[in-house]
Every structure is written in C-alpha cells, then in structure tokens.
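The values are calculated or read from the model by the stated rules, or taken from the named source; none is laboratory data. What you see is a predicted model, and the numbers here were worked out from it, not measured in a lab. Using ideal geometry, Cβ is built from the backbone for each residue, glycine included, and neighbour counts are taken over all protein chains shown.
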Amino acid sequence: MRTGTGILIVFMTLICIAWAGIAAPVEAGMKGPKYRVAVVEFRDEFSGVSTTASGTGSAWTDAVNAYSNVVNRSYPGAGAKTIGAGASKMLETELAKSGMFDVFTRAEMKHVLKEQALGQKGMVTAQSAAKTGKLIGVNVVVVGAVTEFGESVGGVSVWGLAGGKKSTARVVIDVQLIDTTSGKIHKALSAEGREGHAGVSIFGIGGGMSLDDTKIGKAMRRAIDKLVKELAVEMTKIPWTAKVVKVKGSTVYMNVGVNSNIQPGTKFLVYSAGEELIDPDTGESLGTEETLAGEVMATQVLKKITKATVVSGTGFSRGDVIRLK
C-alpha cells in the first residue's frame, strides 16, 4: 500500500510540473505592455463547404448552414453567416477575455479595409495584412481558415449514418501571424478540437439551440482555446512596438493607452525611420533603416494615448517607432 501511495504522489507531482511548464511561458511572457492584435474574418476551406442558403437538398450543406446560424447567433457581431466568421469572432472574444491582449475589433479592420479599398481576398497576403495592421496600430494581424469541420463515427462522415449513433466532432483551424513591422509571416499555427462525449449532433440543431449545446461547438471551442495559448507564447517572440503621435516640447504622445497595460515609469527607446528599402526584383518592402533618436519615460496613461517625458535625445517626430527599453 505504501509503495502504491508513493507511486501516486510521484505521478501527480510529474503532472503538476508538466502543467507548470506549459503555463509558465504564457504567464511570464505577457508581463508588461499588452501586445496589440487584430483578427481578420476566417475563411471556410473544409470539404463540402457551400455558401448557398438552407434548403439546398444536400443534407451536409443544410447542416453546415444551420450550424453557421447557431455560431452567428452566439456571436452576433460575427458578420457574414459562415463558420469562419463565427470562429474568428470566437477567437477575438477569447483573446480579449484572456486579459493578455489589446484586441482591435474587426469593425475597426473593416473600416480601414474600406478606406484602403482592399478586399477580403487581399487580406490573405502577408503584405496587405501588414499594411492594414500598421494603419490601425497593431503588432500582429491574425489571418486563417477553418480547414476541418464535421462529425464522424469510425472515420465515416456523419451524414451517411443512421440517427442515434454516437459521433465525434472535429474542428481544425489554421492561422498565420503576420508581423506588421516586417510584413512577414511570423508563425503558422494549427489547432485541433475534438468532442465525442457530450452535446447535440450537427444534424440535431434546433431553432433555439446555443453554440455550447452542440458537439461541434465544443470541439471548436477546444481548438480556439489551444490557439489562444499558442498565440500568447508566440507573441512574446515578436518585438512590442508603438508609434509617436505627436511631440510637444519635452512631451511625447504615444498611440497606446490603458488597454495596453502601460505603467507610469516604464522606459522606451524611440527610433526614427529612414528610407524604406524595396527589393528591386520583387517590389517587396524589406523594412526601413532606423536611427536611435533617444529615450522617453511614460508619465501619464490615458484611455487611448500615453504621455511620456523625454529622458535623452532630440529630434523626435510623429511616426517614430517606440520599443521597450
């Protein structure tokens, strides 16, 4: 008995250590200013996807459309009636709830897209995503797609099964993190969610059904939760930046406020951007040469801006890049 108890204690200790190892990078990495992130509406790229209305005569298409409505009822601001719209809204919501990110809404993204006359398809490219991200002042833009979506029993698609059989729901979401400073794809992530024990099948969705009543809703939430954790880790590898809004005497105004978790007394380095370097063969922006202009210290944090006092240096101007010291 004593030996069995000892083994159990060791086993539980190893589990605790493993969980601590997973959580530590997230908790440790997100101290200080929050990273500013925007999520673009995800695309639907799973097998059998259709944008046609309900009542198509295809059981799978009708089920997907019915589920799209459930997702979008749960997230009324999701926009278009698609699975991708609901998934990206869910990610946006969970990122905000985590307290680790300053999340810019897709309403803000759409406003900039409209002003820049950029379509949704254009946002899929790293360069166009980075351009839009810079315009709204975010560190990273998340673009992605729902690439797997459905239910099955033993590998057989659920649409061919008789009612009453147990099924497993599976959702896979692939995303890319676009660094708005470099315009490059910083990281590609893929998260899978499965649910086979609880919830209603996609084919049992009713008019008053909520997202959390469905198996596939639970599977999607699992995938989203994994993405939030992975994003928290990956974002720490991207340098935090802000911009100078204006300079008045020895006061520098920064384009970050309360939501970014800036604390009075935090010191920053300010860099003046030089000429943009363009690849002569591809036309791709290779970034800009930067010159250290000086150092500033945050003194007053307001709703959307932070006032900082010049510690050293001169020649600060609107548009200069600000980084943590």
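General observations
This table checks each residue for (1) touching an Asp or Glu at 6+ places or on another chain (Cβ under 9 Å); (2) free of Cβ contacts under 8 Å to residues at least 40 places away in the same chain; (3) surrounded by fewer than 16 Cβ atoms within 10 Å (Cβ to Cβ).
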site	(1), (2), (3)
Val245	no, no, no
Ile262	no, no, no
Phe268	yes, no, no
Gly274	yes, yes, yes
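- Scope segment 310-320; condition in a strand (DSSP E or B) and either charged (D, E, K, R) or at pLDDT below 90 (or both); matching residues: none
- Just so you know, in segment 276-301 the residues that are surrounded by 13 or more Cβ atoms within 10 Å (Cβ to Cβ) and among the aliphatic types (A, V, I, L, M) include one that is nearest to Ser128 (Cα to Cα), and it is Ala293.
- Qualifying positions in segment 258-306 - touching a helix residue (DSSP H, G or I) at 6+ places or on another chain (Cβ under 7 Å) and of a type in the set (Lys, Arg): Lys303
Per-residue answers, yes or no, for (1) buried (at least 21 other Cβ atoms within 10 Å of the Cβ); (2) at pLDDT 90 or above:
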site	(1), (2)
Glu151	yes, no
Gly183	no, no
Phe203	no, no
Arg221	no, yes
Lys226	no, yes
Ile238	no, no
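- When segment 37-63 is filtered for residues that are modelled with pLDDT of 75 or more and out of contact with any helix residue (DSSP H, G or I) (no Cβ under 7 Å at 6 or more places or on another chain), the ones remaining, listed by number, are Glu45, Phe46.
- Condition check for Gly207: small (Gly, Ala, Ser), in contact with a helix residue (DSSP H, G or I) (Cβ under 6 Å, 6 or more places away or on another chain) and at pLDDT below 80: no
- Residue check for Thr288: hydroxyl-bearing (Ser, Thr, Tyr), under 29 Å from the mean Cα position of the chain (by Cα) and over 23 Å from Lys34 (Cβ atoms): yes
- Restricting attention to segment 224-277, the residues that are on the phi > 0 side of the Ramachandran plot and of a type in the set (S, T, N, Q) add up to 1.
- Evaluation of Thr299 against (1) modelled with pLDDT of 95 or more; (2) within 29 Å of the chain's Cα centre (by Cα); (3) not aliphatic (A, V, I, L, M) (one fails), failing number: (2)
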